[in-house]
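Below is one structure, written out as structure tokens; comments come after it.
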């Protein structure tokens, strides 16, 4: 989590949000309170203790009151009420800084860096690169004494704590700078050493020891005059501060430097043959830090850096060597093994790299072992994979040089007991809707490489998005990214994508300054292929039939690849193994393997399809059960393979296997909200099976299920047509179960079209059919849908009874998806009944079900309904948060009905807050979308809202136009709640125009009607109270009775006549 607040305590107190300094603190004690809480953040603090710390002399009640006021000011300054999570955890008795808050504090980071130094195991502190980096960052943070200039007053306890903390941090800074001086001197970085010594003298200008260090460093640099000036300054300070002369040893040092007799031991950098980098290393910050940290640990003897060809093993190893060139006294050496053959060449390659001439007095491996004895160096053995038979030599050298470390790069581990395997994968690449794509490591590597190919390359937002896609295509593989970027000299990014889709051959260059194996991906992978045995090559190729990973069982049953053979391929860095127990290919290696699959392809794909069709069908019974989450997880893990199996069966018109998969796949896709994929898979199947007589039943089962997702994209006419045709087909075949399914789904589509009476009638037909079949699942599903339709027509109590009945039946199935749907609808209905506590509980239960399942559409629905509930309570800011999240999810699903609902609701919130221009913009956008969808109920709803804000703004001409439409169309579509709402707004307009008695009559009717929502009834009652003052008791009574006995249609007609 990126910090939103940054607090500086080392030096002057400073609190910042972004670039802005926050300074609205009422007193220094509020700053003191925040400082104390963040420094002592590991524990909670009682209110009494904090009050006593800052107001020790005040009476307890006054001190506690002061603390409450200070907390109020602090929370206001830091924006605690709007932070997620909040910065402070406050209870009745305890206060603490929230450990998860997005708050960065320099003192906390300072302590973390120094703790990392203390915890790190290293060979020599004075040569430890990792610790030096931590120490340098820590002293850079130390911008001055802790809380410089903060004065609290009358708080001796706080002052004591502040002084003790200040002294502790000061001593840590002194110690850190002293260690850095030693490190930089050892590395020969004398300017850096002097810079640190100058800072030491700034912190302790009276320290004679520090002046002696500075004299020594100037002498090392050969600057005798600067060394003598340092002594003169030391002499002056000691006399001025303490009235004493420097110690005899300091005077002796001065005399030696003065007369040129100071024996300076110049520090020679350790030897190294690491070549300079031709290009900068992009990314790999964490991996680099981890490697250096381990190699500096004396317990670490051997690290093998593994990974597929092109992943950047050599580049990372060389950069590691470069960063460690001062860390070991006997040097860092790189041994390129690319041209070294097994059978005796290895010792000569190593001897040449370490610049030791073998004399031939004994076997070369023994002579080299004798040379390495007592040495403390780092040997980087690069490209060891073809020399695995030579590992005994490596063991011999490790024993001869117990203080040395070995870093080996290889496409597979060496299999030694002392070996630490460090697996390297591709660079992180943009995932999904990743923000700030340009800062991504893989994208940065592409851009850097492209600019080397063509210096004037510029990338706009669209091009960067395409580059991100390229990086994703190659899964962040550095060599592939660099090869693709080289094409930028000739073609734009989109054309590079097209070339890459044609095959691996596109990723090739003719760079003479890189090894041939790195001039194309095919060459890099082919080198690994050549190292395999014939049986391993066969197994590797057969595994290409899988998509998106596979289990060991699937490898055995589909491809005939045993677990030991799989393990060999993992060791060869051609197959990846995850901690979850699954195997997979890098996308480009998979492409290479697929090229090797030739004649076996069709038979393997059929076996693959049969295996995964059985895999899915065996989970059909459990997919609507309490095991649903587990089953969904199993199917999700194999989704790539299941898609491939489905598509193969479609190509082959394998009706038997498709039929096996249909039922569980439909429920999985619907439950996971994979709507676009569901449409793609089922549309492909119906297109292929159209006209095939033997597949007619399957064809229509596919179409009726496909219509569910077609309707969610807003194409209601197509969905309704498919369902009517499907209903007739199944009726002609006597298939009552499938006919009932088609009728039920048709009722749902008619409901989405806003024709509630017809939707209710159709749903009741489906219910009768399911009851005849004694189909408990179908009965429950239909009762639930019928309840929602009745609710939207204002029949709240009947709707409540039906949803309760549906929920009771569904407990038998117990799957989270179905239970979530019912809890959600239960919440909608109880909210309409005015039981907000029960509604919130139901929504919470629905969210829990869908969180367990990962049901995106369910999340969006619950966020929508929670927003409505909060809006009803007047908690507009929280309501908007839920609406924004719902809109994000609906857009992700291309669910236009949901998007329209949220736009309408956002308009309602803006209207409630009297932001009428904003409200109208939301409503008009919603209106346009509703018209495209042909959503009559939605059009009535948004038209009613436009009428409402016109009334509130006093634009009665506009209000009449909108509200008349609602009063005309509402009864036709039986949307009583919306029509009653429009009557309420029409009445408010009447009252404003002086027709108070008529307005009271209509409002009395609205407030008493059972189909009115609780909010509409409450608004009507409040308005009656507000406008009825001019009426006498007799007039008020007459007005209240004016419409009694009239039908709903008559009341609407009267309102239209009165409105004119």
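Computed from the coordinates by the stated procedures, all read-outs in this text should not be read as laboratory data. Note that the structure is predicted; figures quoted are calculated from it, not measured. Note that each Cβ is placed from the backbone with ideal geometry, even for glycine, and that neighbours are counted across all protein chains shown.
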Over 22 Å apart: what share of the alpha carbon pairs of segment 774-885 falls there, rounded to a whole percent? 29 percent
Relative to the compact globular guide of 2.2 N^0.38 Å, what is the alpha carbon radius of gyration of the chain, as a ratio? 1.23
Taking only DSSP H segments of four or more residues, each worth -39500 (n - 2.57), what value at 222 nm results for the chain once the sum is divided by all its residues, to the nearest 500 deg cm²/dmol? -20000 deg cm²/dmol
All Cα pairs of segment 196-303, percent lying beyond 21 Å: 56 percent
What's the Cα-based Rg to Rh of segment 136-234, Rh via Kirkwood? 1.09
Starting from a Cα-only point model with no solvent, please compute log10 I(q)/I(0) by Debye for segment 408-478 at q = 0.13, 0.22 1/Å. -0.49, -0.90
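Please report the orientation-averaged projected area of segment 944-1060, defined via the convex hull of its C-alpha atoms, in nm².
On the way: hull surface 25.5 nm².
So the mean shadow area of the Cα hull is 6.4 nm².
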Relative pair counts by distance (%), Cα atoms of segment 526-575, 10 Å bins: 26, 62, 12
Counting pairwise Cα distances across segment 1-128, what percent come out greater than 23 angstrom? 37 percent
Where the centre of each part is set by its Cα atoms, how far does segment 376-402 sit from segment 144-221, in angstrom? 44 Å
Roughly what angle does helix 1014-1027 make with the longest principal axis of the chain, taking Cα atoms, 0 to 90 degrees, to the nearest 10? 70 degrees
Relative to the longest principal axis of the C-alpha atoms of the chain, give the angle of the C-alpha long axis of helix 248-258, reported between 0 and 90° and rounded to the nearest 10°. 80 degrees
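Taking the alpha carbon gyration tensor of segment 600-706, what are the square roots of 5 times its eigenvalues, largest first, to the nearest whole Å? If you can, show how the numbers build up before the last one.
Numbers: eigenvalues 88, 58, 28 Å².
In descending order, the three semi-axes are 21, 17, 12 Å.
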Solution diffusion estimate, µm²/s, Stokes-Einstein, segment 103-190, Kirkwood Rh from C-alpha pairs, 20 °C, viscosity 1.002 mPa s: 150 µm²/s
Subtracting the Cα-Cα distance from 0.36 nm times the residue separation, let me have the gained length for residue 1026 to residue 808 in nm, one decimal. 74.0 nm
May I ask for the angle, rounded to the nearest 10°, between helix 836-853 and the longest principal axis of the chain, with both axes built from Cα atoms and the value confined to 0 to 90°? 50 degrees
Once both label points are put 7 Å beyond Cα along the C-beta direction, the residue 76-residue 876 separation in nm becomes 2.2 nm
Normalise the Debye intensity by I(0) for segment 634-676, one equal point scatterer per Cα, no solvent, then take log10 at q = 0.30, 0.33 Å⁻¹ and round to two decimals. -1.16, -1.21
Quick one: compute the contact order of segment 532-596, relative version, from alpha carbon pairs under 8 angstrom and 6+ residues apart, as a percent. 38 percent
Please give the peptides 239-245, 715-721 ranked by average Cβ packing (other Cβ atoms within 10 Å per residue), highest first, as a rough proxy for protection. 715-721, 239-245
Ratio to report: Rg/Rh of segment 544-650, with Cα atoms as the point set and Rh obtained by the Kirkwood method; give two decimals. 0.98
For segment 547-582 and segment 19-92, write down the distance between their C-alpha centroids in whole Å. 57 Å
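Please report the relative contact order for segment 1-107, taking Cα pairs under 8 Å with a sequence separation of at least 6, and give it as a percent rounded to a whole number. Could the numbers behind the result be given before it?
On the way: 137 pairs, mean separation 40.5, N = 107.
The value is 38 percent.
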How long are the three semi-axes of the equivalent ellipsoid for segment 285-423, computed from the Cα gyration tensor as the root of 5 times each eigenvalue, in whole Å, largest first? 22, 17, 13
